[in-house]
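The values are calculated or read from the model by the stated rules, or taken from the named source; none is laboratory data. All figures in this text were calculated on a predicted structure; none of them were measured in a lab. Every residue, glycine among them, receives a Cβ derived from its backbone with ideal geometry; neighbour counts consider all protein chains shown.
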4 protein chains.
Amino acid sequence: MEKIEFRPEREQFNYTFGGAKPLFKVRPGTIMELWSEDAFNYALQTPADLSSQKVDLRYVNPQTGPFYVEGAEPGDTLVLHFISMKPARDWGVSAVMPFFGGLTSTDRTATLQDPLEDTTWIYHINRSKNTLEYDARFSEFKVDLPIEPMLGTVGVAPGASEVRTSLVPERFGGNMDTPEMRPGVTCFLGVNVEGALFSLGDGHYRQGEGEACGTAVEGAMTTTLIVELIKGNAPLWPRIESDDQLMVVGSSRPMEDSWRIAQVEMVHWFQELFELHHMDAYQLLSQISKAPIANVVDANYSVVVKVAKNLLPRVSIYNDIHNELRAIASKLGI
Amino acid sequence: MEKIEFRPEREQFNYTFGGAKPLFKVRPGTIMELWSEDAFNYALQTPADLSSQKVDLRYVNPQTGPFYVEGAEPGDTLVLHFISMKPARDWGVSAVMPFFGGLTSTDRTATLQDPLEDTTWIYHINRSKNTLEYDARFSEFKVDLPIEPMLGTVGVAPGASEVRTSLVPERFGGNMDTPEMRPGVTCFLGVNVEGALFSLGDGHYRQGEGEACGTAVEGAMTTTLIVELIKGNAPLWPRIESDDQLMVVGSSRPMEDSWRIAQVEMVHWFQELFELHHMDAYQLLSQISKAPIANVVDANYSVVVKVAKNLLPRVSIYNDIHNELRAIASKLGI
Amino acid sequence: MEKIEFRPEREQFNYTFGGAKPLFKVRPGTIMELWSEDAFNYALQTPADLSSQKVDLRYVNPQTGPFYVEGAEPGDTLVLHFISMKPARDWGVSAVMPFFGGLTSTDRTATLQDPLEDTTWIYHINRSKNTLEYDARFSEFKVDLPIEPMLGTVGVAPGASEVRTSLVPERFGGNMDTPEMRPGVTCFLGVNVEGALFSLGDGHYRQGEGEACGTAVEGAMTTTLIVELIKGNAPLWPRIESDDQLMVVGSSRPMEDSWRIAQVEMVHWFQELFELHHMDAYQLLSQISKAPIANVVDANYSVVVKVAKNLLPRVSIYNDIHNELRAIASKLGI
Amino acid sequence: MEKIEFRPEREQFNYTFGGAKPLFKVRPGTIMELWSEDAFNYALQTPADLSSQKVDLRYVNPQTGPFYVEGAEPGDTLVLHFISMKPARDWGVSAVMPFFGGLTSTDRTATLQDPLEDTTWIYHINRSKNTLEYDARFSEFKVDLPIEPMLGTVGVAPGASEVRTSLVPERFGGNMDTPEMRPGVTCFLGVNVEGALFSLGDGHYRQGEGEACGTAVEGAMTTTLIVELIKGNAPLWPRIESDDQLMVVGSSRPMEDSWRIAQVEMVHWFQELFELHHMDAYQLLSQISKAPIANVVDANYSVVVKVAKNLLPRVSIYNDIHNELRAIASKLGI
């Protein structure tokens, strides 16, 4: 199999989905090893670096991509199988930025209150223990947390000729900020434009559900993935398959609408997979869905609806491509 | 220890939190074995029983209680440790009721569309396998699902002289409909009136997160619990402790507000437990909280914020009452 | 016609809808002159009186009532025709209370930010000009504003045995806080319990739409009204008729749901009034409805949907009771 | 003064804000007479034309523009003074499109219900009476409604390199769908890109507040306006001035956030105009703002906050440019 290793130069980063020229073309079946910069664009390196002083809001959440997938046409399904995500630095960083996050007023949930205190936390990696050290800024409290790498942002160019900033999660994927986007999963995205034009970035060394303060433990990441393509069958919203779960990500506002989107999409998926009437799929899912919140902090809020495969009869999902890619990946020894 | 077994007569059920006279008094430390009727009030017994014909909306979600806890005063913390929840019938039932549920318009999210088809599903229990049989109504599909009993509704009388129907989740608990309210957990509720006046009901043989169609696998339940009381320290919103998790349940609308409530309450809890500055608690929780949705179908939507204890330093929580009650329960052999 | 004048003693005020014993009975056709205390319960009398120090949150929004309307049964329509509302003091008062209002985080839209500065404004009345003097607290700016009296709170006992605080707007009316509840209008409320048990209060000497800071120019008020009763025909949500408008008030969260409720109720009203198909009523109203926000600050948000009568064919509304009461009132010379 | 008359060819229409090349350049001070197509792109011409069959969703809400304003740079304020809007056809059209509108589930507020019946209404213009004839589709009801022309869509290219469909209202203006965008008003938009790149379209012969069914009385329009430019002072959100009102339009979801945006922006405007402390501006506006809903049907919901100028001291607003343009327009005799 073809393998491409790529680390963008600073001027090659893009900050939108859609609107940017592809960096290069890749053939379905290609293995890619992609380096991505942290969401702050390397502007915060110590606790003394404050977001209000150092972060240039025009250049946040830099994306590695877009890449043109050969043969991808609108209506097709882009398949991204994530083999591994490895922290590319020895530290990660999180910050409470003024008027950004879930427990503060924002430019949308606008109030007249003062912002929370602009604060930065640096998390040092302990490679031998595979942990991050959380260091309180206002007391002596410390605790080691497991590294659980994931990508905040994975997406394709939007439809309807739109161009969206990389801060937005939507039908095209984007800044979904769900811990489910981790090594070992396969992500299915509907293709909107020729070549699909996918990008990724926003590596998180770990993140809680909700991403409460607006930023995870942000860090440069080396992601290895296999790019595949299924002709047709574009899902309306991003789907994810892991070894044991089927997932859909809905993104909108208010958050009940994000959930409705994901739950309805899962009903439709179940109708296809098990030839169920929509009322029967609705009922069955009411008793077996999980619904973890992804983020409540981005331009849209994201909710995941997921179902454990072991509750269900064995059935072929996208022609078993997840299992197939999983097998390929395991032989690569990455 | 004192043990009380109680199965209400039909006319003893209550349909509100607050406003009802206590059935009797219990002393802190009492073990109670309580029988609760299903949320449809036994009106749906076969798939031919339709909610629009059989369910009397004035008498849904019957509660077993209220009980007056001796010594409980406003500002105290009622502690309910759930030892076991056992299906009291051999079948459970779920229904899509017209204009009720998450994937339909409702009296609140009002539209001009027709309702979904009024449909009832009966789930038969297989005691030896500990499963429920899901039977599709519109095709031949069947699947066995594990029984995972929980209570949809646990609460005390509200403050401010309010009386609320048992369909509402709020600060006083109530119809939170979270799968986290299961055997082995301890629930902490702020007391608003003398005697606390707690009730429970709405047994679910299992439920997905979100309770998408509006009803779980509803069934009569035998719940064994220990009632305890902590003087003072009333939490603002319901808290739950399990062997491995700390949890808060927030209930409001829109759903981002439910999450905000629960996440802020968890920040405050962390400030107390670890003497953290609120900014440090906010940051730490951003990286370790889980945020499963409880329901998107009740008068208020409920979201759980939870944290794995094993990520944190060992600390005494409510004076270790959960561990203590767990130990007592394990000796009872229930 | 019978006329009752009533000013409650301090201990006669009630703070809920439902749950309180009626003060006395009134016959349909009675004229009532009712005195109501201001929403702060007379606790703020100078700019130096701060809400955090002086306001007892258990005793805010005192209601004058409830009154038992003879013959009123569930399903009937209570008719309240407001003849006049007159400021009962020479000054009104408004305050920004910590974590209360529309441009601050609240107990629902919870954040970790500090509250806005607790501030009180006193508005002195100029009777000859019929104005209120707005006096800036942080600069020398002054401006005279017209007195436009209205009632923030009008309601009946809720259904389903509920008791709600007087801060809540809902189907039963309550704290709708709309400037449309002014002299000259007729309010129609569905009766939920025997005697209807209506109350009113929360006089505003004027209020903007949205009631942004959470409080209007609050003041004691003398309200003169005629109480009438229509057997049956209970509207689902409060309706208001003025000489030139038909109105419905919806109250829920998020605010789009408040609007949906009011707009759907108006569609149903139009179906009745003009024998229109719901699609035709939907279409017509899309082109002629007005939709002023009432408040975005209470436990539920309220939105008014209204239609100018002069755009429509002449039709009998509730048997022309508004016109009839208007005529009676004009003869009274109040 | 220079005057440009322009009617686009079909292939010149654009369907986005941002992303399209300017049609031509205009100098500040230019009078433009612009022809715009209806929002359905002329696809619905009789009641028998159904949106599901005739409307191509890739080509709805066609915009006339964009136009490059000479000298406009990011941070500047584009000023559009609307002199007149004249129906360019003898009929307008409205439709209930499947899963589009305020009283139906949508792709966001997703449910499993069937769509409302796809229906089209044609409104014939009576020029002598200046009315539109509403004709019920399901009964014989007819009524004449005044023509009150307005533009649903006015905007500039967004910031952050985004491109948005013309269905979206946002900071850049766009599909705000407010009846306040009518002849005689001046609209102020913050410039995000060189040349501002403004467009307009979506003429409505009349529209109710909320635009309940999702479409107004849509029609081709001839709009005459004066284009002006103020260096700097870009407002964060669209502002509108009429002879008697100051207005801000906020657009987001849920609808309380749209209101918060507009109300906060008005607080800031009042701070500038009257040198008020933000607490004093908040208080004053709480008593004098009006808050009519614009639409609850677009990708974002829009709310207007407005204030009557006659309640306030006389003050110069944008250097009195509205009055100046009004005077110029009146001399033109359009």
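Within region A:103-148, the set of residues being in a loop (DSSP other than H, G, I, E, B), of a type outside the set (D, E, K, R) and farther than 30 Å from C:GLU117 by Cα comprises A:SER128, A:ASN130, A:PHE141, A:ILE147. Taking the condition β-branched (Val, Ile, Thr), within 21 Å of D:PRO98 (Cα to Cα) and either touching a residue at least 12 places away in the same chain (Cβ under 8 Å) or buried (at least 19 other Cβ atoms within 10 Å of the Cβ) (or both), does B:THR119 pass? The answer is no for B:THR119. Selection of region D:112-141 for residues being out of contact with any strand residue (DSSP E or B) (no Cβ under 8 Å at 6 or more places or on another chain), under 30 Å from A:ASP280 (Cβ atoms) and either facing chain C (nearest Cβ under 7 Å) or at pLDDT below 95 (or both) yields an empty set. Checked against (1) at pLDDT below 95; (2) buried (at least 24 other Cβ atoms within 10 Å of the Cβ), B:LEU197 passes all but a single condition, namely (1). Checking the structure you have, find out if any residue of region A:274-291 is at the interface with chain B (Cβ under 9 Å from one of its Cβ atoms), under 22 Å from the mean Cα position of the chain (by Cα) and part of a strand (DSSP E or B). Yes. The single residue among A:ALA196, A:ALA110, A:ALA95 that is aliphatic (A, V, I, L, M) and over 22 Å from the mean Cα position of the chain (by Cα) turns out to be A:ALA110. Flag not set for C:PHE82, criterion: among the aromatic types (Phe, Trp, Tyr), within 30 Å of B:ASN300 (Cα to Cα) and away from chain D (no Cβ under 14 Å). Between B:ALA212, B:ALA196, B:ALA220, the distinction of being under 16 Å from B:GLY18 (Cβ atoms) and hydrophobic (A, V, I, L, M, F, W, C) belongs to B:ALA196 only.
Taking region A:292-309 as the range and being surrounded by 24 or more Cβ atoms within 10 Å (Cβ to Cβ) and part of a helix (DSSP H, G or I) as the test, no residue passes. Residues in region A:32-53 that are free of Cβ contacts under 8 Å to residues at least 60 places away in the same chain and within 25 Å of A:PHE172 (Cα to Cα): A:ASN41 alone. Give me the residue from region A:230-256 that is within 14 Å of chain B (Cβ to nearest Cβ) and of a type in the set (D, E, K, R) and, out of that set, farthest from B:VAL303 (Cα to Cα). It comes out as A:ARG253. For first residues located in region D:94-109 and within 12 Å of chain B (Cβ to nearest Cβ), partners that are of a type in the set (Phe, Trp, Tyr) and lie 6+ apart or on another chain with Cβ distances below 7 Å form the pairs D:VAL96/C:TYR282; D:LEU103/C:TYR282; D:SER105/D:PHE99; D:THR106/D:PHE99; D:THR106/D:PHE100. The residue list D:GLY75, D:GLY71, D:GLY29, D:GLY19 contains one member that is assigned to a loop (DSSP other than H, G, I, E, B), in contact (Cβ under 8 Å) with a residue 24 or more places away in the chain, within 26 Å of D:ILE328 (Cβ to Cβ) and within 14 Å of chain A (Cβ to nearest Cβ), which is D:GLY75. With of a type in the set (S, T, N, Q) and within 30 Å of C:THR215 (Cβ to Cβ) as the only criterion, which of D:ASN233, D:ASN300, D:ASN319 stands out? Step by step, each of D:ASN233, D:ASN300, D:ASN319 is checked, and only D:ASN300 is of a type in the set (S, T, N, Q) and within 30 Å of C:THR215 (Cβ to Cβ). For region D:257-273, what are the residues that are at the interface with chain C (Cβ under 7 Å from one of its Cβ atoms) and charged (D, E, K, R)? Selection gives D:ARG260 alone. Scanning region D:216-260 for residues that are assigned to a loop (DSSP other than H, G, I, E, B) and small (Gly, Ala, Ser) turns up D:ALA216, D:GLY219, D:ALA220, D:GLY232, D:ALA234, D:SER242.
Let's see how each residue does on (1) more than 21 Å from the chain's Cα centre (by Cα); (2) within 16 Å of C:LEU225 (Cα to Cα); (3) not hydrophobic (A, V, I, L, M, F, W, C):
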site	(1), (2), (3)
C:GLU2	yes, yes, yes
C:THR16	no, no, yes
C:LEU23	no, no, no
C:MET32	no, yes, no
C:ASP38	no, no, yes
C:PRO47	yes, no, yes
C:SER51	yes, no, yes
C:ARG58	no, no, yes
C:PHE67	no, yes, no
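Say whether the condition of being part of a loop (DSSP other than H, G, I, E, B) and either among the aliphatic types (A, V, I, L, M) or surrounded by 22 or more Cβ atoms within 10 Å (Cβ to Cβ) (or both) is met by at least one residue in region C:2-14. Checking region C:2-14: not a single residue is part of a loop (DSSP other than H, G, I, E, B) and either among the aliphatic types (A, V, I, L, M) or surrounded by 22 or more Cβ atoms within 10 Å (Cβ to Cβ) (or both).
Looking only at region A:142-160, count how many residues are free of Cβ contacts under 8 Å to residues at least 40 places away in the same chain and within 14 Å of chain D (Cβ to nearest Cβ).
Count: 1.
Checking each residue of region D:51-59 against the condition of being modelled with pLDDT under 95 and touching a Phe, Trp or Tyr at 6+ places or on another chain (Cβ under 9 Å) gives at least one match.
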